[in-house]
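The values are calculated or read from the model by the stated rules, or taken from the named source; none is laboratory data. As the structure is a prediction and not an experimental result, all values here were calculated from the model. Neighbour counts are summed over all protein chains in view; Cβ atoms, including those assigned to glycine, are modelled from backbone coordinates with ideal geometry. What goes into the accessible areas is simple: the full protein's heavy atoms, side chains included, and nothing from ligands, DNA or RNA. Shrake-Rupley method; radii C 1.70, N 1.55, O 1.52, S 1.80 Å.
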Amino acid sequence: SLWVEGAVAAAMARSRLPATRGKSSSVDGRSLVTAFMAASVGSFCTITWHNAGNHSIRTTVLPTCTRLSDNPVRIRHPRQIKKSPSQGWFIVFKEWQHQMSKPTFNMSHATEMIRYLLIVNSTNLPEDNLFIQTLLNQTTVWLTEGQATNKQVNIMMRSSILLREEVPQLQEKLLPLLYPLIVPALEELRPWNATALADAAAQLSNRTVELNRTLKKRIIRLGGKEVNQVPVKVLPLLARAAGNVLRGDRLEWLLRRISERVQSALPLLSPLNLANLIWTLSAAQAIDEQLQQRFTDWLARKVPDWNKRSLDELWRIVCAYAKSGIHDIKLMKLAARRAIQEDLT
């Protein structure tokens, strides 16, 4: 039993556990000392060990014990951890592993890590990465126990869909457990999160009849009476979700509603979101001459200041116009001039 005592004492010293009590157990017919009681007295922590008969057999005095709240879990943003963009996932995972070992690590912390995976450079990330396996194993336990909130369902769904190529383990482990939670989450979430979840769910290839019906109803509601409650920056997600789920007059009506809302709010769209919106609208033939002119005039003012990374979105917009047969001489000239100025090597 000495190794058990040592392991528990070391764990308590690291975690700074407050007064608590464990349970006795037996391995190979031997009763092990796993029941204990700790009490903080002054600057020392006294641990009293008990055998299976609840008889005190030893008292251990450790340095100061403080409450768990004195050593909280802190999930830092990947950009706060990495000193340079060239540093990969292993730097981030090393710190997160330390946070995950704390006894107060819970579902909200795991969800935050899964959300931040979208930002981590996952180049050369092996499929059997120990940190990812441990994180997903613990998350699946909490999902099975029903501990996920609707917002957490949304975050995990989006990460699973967007990282299906870089981190396929997310879909393999989480999607089977998330699937039955999508419908109630769609019905209960507020417009912002409901839009993001609808976009993720609309990209699933094996949607059930119930999920399809719920998706259609919520997307129509988001584009109808709730359209002014949907933040402009997530309207491109609503347009993409509608394009994947709706057809005919309903799709045309909803995209027109989104277009009307977005025309006066283009400054709120990032180059990425603007390109996503134009791509969806052009594919559905939902860009009329007025909206096309509005987009082009806005791009003419902003593109000269875009950096090399943002320019990728300009090329996507040009491709979207070409693919849908939209002829915009002003946009073509703008793209040509910007390409000449930029070192694209």
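At-a-glance table
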| item | result |
| --- | --- |
| Positions within region 55-77 being modelled with pLDDT of 55 or more and either closer than 18 Å to Leu136 by Cβ or small (Gly, Ala, Ser) (or both), in sequence order | Val73, Ile75 |
| Filter pass, Arg247 being without any contact (Cβ under 8 Å) to a residue 60 or more places away in the chain and farther than 26 Å from Thr214 by Cβ | no |
| Test: residue in region 209-229 that is part of a helix (DSSP H, G or I), within 22 Å of Gly325 (Cα to Cα) and open to solvent by less than 10 Å² (accessible area, probe 1.4 Å) | no |
| Residue count, region 187-208 (criterion: touching an Asp or Glu at 6+ places or on another chain (Cβ under 6 Å) and open to solvent by less than 10 Å² (accessible area, probe 1.4 Å)) | 0 |
| Cβ pairs under 6 Å, 6+ apart, first in region 296-318 and over 14 Å from Trp279 (Cβ atoms), second open to solvent by 30 Å² or more (accessible area, probe 1.4 Å) | Thr296/Lys330; Ser310/Pro271 |
| Residue list for region 320-334, restricted to those being without any contact (Cβ under 8 Å) to a residue 24 or more places away in the chain and either touching a Phe, Trp or Tyr at 6+ places or on another chain (Cβ under 6 Å) or under 20 Å from Asn276 (Cβ atoms) (or both) | Ala322, Gly325 |
| Top-ranked residue of region 122-142 - restricted to ones that are out of contact with any helix residue (DSSP H, G or I) (no Cβ under 7 Å at 6 or more places or on another chain) and at pLDDT below 90, ranked as nearest to Glu172 (Cα to Cα) | Asp128 |
| Residue in region 243-254 that is touching a helix residue (DSSP H, G or I) at 6+ places or on another chain (Cβ under 6 Å), in a loop (DSSP other than H, G, I, E, B) and open to solvent by less than 90 Å² (accessible area, probe 1.4 Å) present | no |
| Residue within region 265-279 that is within 20 Å of Gly224 (Cα to Cα), open to solvent by 30 Å² or more (accessible area, probe 1.4 Å) and among the hydrophobic types (A, V, I, L, M, F, W, C) present | no |
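One line per residue, one yes/no per condition, for (1) basic (Lys, Arg); (2) modelled with pLDDT under 85; (3) open to solvent by less than 70 Å² (accessible area, probe 1.4 Å):
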residue	(1), (2), (3)
Asp297	no, no, yes
Glu313	no, no, yes
Ala322	no, no, no
Ile329	no, no, no
Lys333	yes, no, no
Arg338	yes, yes, yes
Glu342	no, yes, yes
